[in-house]
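For reference, the structure is listed below as structure tokens.
Please treat every number below as a calculation from the coordinates, not as lab data. Predicted model only: the values in this text are computed from it and were never measured. Glycine also receives a Cβ, built like all others from the backbone with ideal geometry; neighbour counts cover every protein chain displayed.
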Amino acid sequence: MTWTALIICSHLTLLLMILETGHTTDNNTRGLAATAPGDIIIGGIFPVHTTVEKRKDGSYEPYPLPCIKFKKKALDMVLAMINAIEVMNKSPLLTEVNVTLGYRILDSCADVSTTLRATADFMGREGSNTSTSRQPIMAVIGPSHSGTTIAMARQLTLRMIPQISFSATAVTLSDKTRYPAFMRTVPNDKHQTAAMVRLIKTYDWNWVGIITSDGEYGRSALELFVTQALKNKICVAFSSVLPNPENSPDFKNDIKQAARAIRTNINAKVIVSFARTDQMTLLYQELKDQTLREGKEVDSMRRVWLASDSWSSSSSVTGNLTLKDIGDVVGFTFKNGNVSSLIEYLNRLEAAGHQHTGNNSFLQEFYQQLNNSNFSTDTELVSEAVRVLKKEINNDTVFSLEMALSAIAHAVASVCRSRDCKTPGSVQPWEVLEALKKQGFKYGGKSYNFNEEGDLLLGYDMNLWRSDGREIHINEVVAEYDLLTNNFTYTNHSTTQQLMKLKNMSVIMASLISKCSNSCVPGEIKKTAEGQHTCCYECINCTANHYSNETDMDQCLRCDTETEWSSERSSVCTPKTLTYFSWDDSFAVALVTFTALGIVLVLMVSALFLHQRDTPVVKAAGGPLSQVVLFSLIVSYISAMLFVGQPNSPQCKARQVLFGISFTLCVSCILVKTLKILLAFQFNPELQEVLRRFYRPYVIVSIIVALQIVICVCWMVLDGPVEMIISNSNSNIRLEQCAEGSVVAFWMMLGYIAILAFVCFVCAFKVRRLPQDYNEARFITFSMLLYLISWLIFIPVYKTSPGKYQSAVEMVIILISNYGILSCHFFPKCYIILFKKEKNTKSAFRKNLYEYSNKTSDCVSVSGCSGSEFQSSSQLVTISALSLSVSVENRCSV
């Protein structure tokens, strides 16, 4: 049978390779390979086997170790490269320059030593058992892993042979000073870790665990992730580094420790993994075993797994577990492409049968492995092989590999346009490298260019693994990550199933909490104990006048205490309430009512006095001066009303100036009346003469008022009252009031009025014993005493009054002063005018004076002589009693 011939052929091939291996030297790499001739030979190296056998004979002879553990995904890579080269050879790009590409594909066995032997083969080193007539390698595709890639890149740099990897992502390979000939069609790990951190940050996770493989790839990814995580306030709960199972005797113990770390850090619901596929398989199994040994349900090991490109496309890692057991897997893969060309190639492979293996010993070994299942015909064998290979296709890997070959084909075509590349030695590897660096290439209808670091920044696809109950589907893209914007773009979902998948992912991500401590809500801040992770903290309240307006803030923000305030545990500053002695305040309403009443009373008194201006009582009250006093009281009442309402600078100045000048005018008029009384009843002739000489009422009033005007003007010009806002940091109120400016000037104004009032009080007190019914001196004494006492009380009350009521205190004192003068000086006269009309006559005045004179033992002489009785004379004597001035003709006998 045909399959029998295939078995014999395969066994003979393997026997020859084993015999060769037994006789090879340290440089001999002849073994499994896939080759094809061409004008330009492209090298390829893939981990068709995942490891090598350990030395068992104790020999130190430098012979290559046999590769073991066949990897079907790597065979897909080999076939993808072969198919891509065949497609390129038929394309106009190469047919126009009459060039064909050949290939030589070797196995790295995921082992550095094996990779270095393959590198020596590619470089045609002496002693490598390479035929001296073999064509040189112009470029190399691969390897897959960063560790083996770095080892190979160091060697290829010696000859400047361009090397393009389709999956090695170590950041160090972007260093062009160390690896100038290296390029890749995938981003480096710096971008992948940034994408993971971005996703974690998006869903507000900050407590994660990390699993990495031991090697350049894993440790570099761990360092990058931790660095970027810390910048984004993401903490690493634990990190476990897993060595290669075949190279570490303690691998099982390391797996157990990693599983234990995952299970003990129960708050770390998100695990970031840069491990290899085989490591993750063993880790999942160990997690299951530990969970079951503790008598817990398998689903208690559920986590959200962020899978790196190293295993995100390998659903086999779950082993006999399901997604329901392990949780949700979010995979980061390189950009996917169209794999239809590879599918067609596999279909042709199936149609051709086993005879199509040609110089591809990898495919022959695969057929041999499958044949152990005892297929009845070679057709069934090949069909099963193709079915398995189709299932193992990684779209992202095929896409990256085809892009690498397209880049090389464009570079070769560029070089060969100016020369005959069929001539041996006409093309050098560094010329192909230069073309790769300087010009772009096209693939799939798009143009691409390597950046200065030799990388293609294509971004990532994010896949959410899902299960239909029978198998796990991993190649369904839910989002794309853009390296330039550092953002995810969710893909268009046209079907109901796709929309549901995206919705499920959003629910999973948003509902998951992966934090060491619960978030501190606005109004609280984090307090981390010394030595703890910054993500493990307690929440404390912000104090008064401080706030936090975001979740998990490190410190409270301070309110602008001039305009804002906040209570304890506040998430926002509240504008302070602006307050002043406003018109709608009940106390202000009462004071304004009294002020208005005072103005009405003054106007009524003024009208009455004008109507009765020729009567003795009005004349005795001072005549025109009484109207001046009444006018000053109106102005004083008006100034009191300026203490109510929202203050402004003009109002602050006006209220003090109006009160100061108006009340000075009022008191000066009263002082003149007091002096008049003193003059009339001063019995010392010498003093009376002096008083008579200087007694000029209007001059005295003008001088007194002028002095007050000077004080007020200086006050206003130098440091006058202004509107100001007082804000207490411990209060939620801003007080708007008038600042009096110069305190000295303010008290000088009030003190000046007080001095005048005191002089009036002293003078009136001296002449208080006048006719009882007309004793105005007594009322002057009382009114001035009331003024002085009220303003003395004003000082401590004003200083201790709270806030806005300081204005009310001064307003009350002004009203007391005004009402005191109005009541003492004018109401008694109004009473006589209205209700005691019989006393408002000249005869009544004369009678009262006569009765008073009979009780007096002294004689008042207006001519300067002394006598013992009043006599009628032609001399005019002005007598004032109780501010009632009356003109009588008296004569004094000498």
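With the Cα gyration tensor of the range 730-841 giving a ≥ b ≥ c as the square roots of its eigenvalues, does the rule (a/c under 1.5 for rounded; else a/b larger than b/c for prolate; else oblate) give rounded, prolate or oblate? In terms of gyration-tensor shape, prolate.
Between the range 242-262 and the range 318-348, how far is it from one alpha carbon centroid to the other, in angstrom? Cα centroid to Cα centroid, the span is 26 Å. Taking 0.36 nm per residue of separation and subtracting the current Cα-Cα distance, fully stretching the chain between Thr577 and Arg846 would add 90.3 nm. Just check the range 524-575 against the gyration tensor rule for me: Cα atoms, a ≥ b ≥ c as the square roots of the eigenvalues, rounded for a/c under 1.5, and otherwise prolate or oblate depending on whether a/b exceeds b/c. Since a/c reaches 1.5 and a/b is larger than b/c, the shape of the range 524-575 is classed as prolate.
What FRET efficiency comes out for Asp204 versus Arg558 if R0 is 35 angstrom and r is the Cβ-Cβ distance? Round to the nearest 0.05. Efficiency computed from Cβ-Cβ geometry: 0.85.
A simple charge model with +1 on the Cβ of Lys and Arg, -1 on the Cβ of Asp and Glu and nothing else charged puts the dipole of the range 524-575 at about 100 debye relative to its Cα centre. Note on Asn549 and Lys233: the extension gain reaches 112.0 nm, defined as 0.36 nm multiplied by sequence separation minus the Cα-Cα distance.
Give, in nm to one decimal, the length gained when the segment between His533 and Ile266 is fully stretched (0.36 nm per residue of separation minus the Cα-Cα distance).
Details: separation 267, 0.36 × 267 = 96.12 nm, distance 1.57 nm.
Roughly 94.6 nm would be gained on extension.
In this structure, the residue pairs whose Cα-Cα separation is over 28 Å, taken from Lys90/Lys335; Lys69/Lys252; Lys69/Lys269; Lys190/Lys233, are Lys69/Lys269.
With a simple spin-label model that places each label point 7 Å from the Cα along the Cα-to-Cβ direction, the separation between Arg302 and Arg178 comes to 4.3 nm.
Using C-alpha pairs under 8 Å with a sequence gap of at least 6, the mean separation divided by the residue count of the range 225-340 gives a relative contact order of 22 percent.
Kindly state, to the nearest 0.05, the FRET efficiency for Asn320 paired with Thr95, given R0 = 41 Å and r defined as their beta-carbon distance.
On the way: r = 51 Å, r/R0 = 1.25.
After rounding to 0.05, the efficiency reads 0.20.
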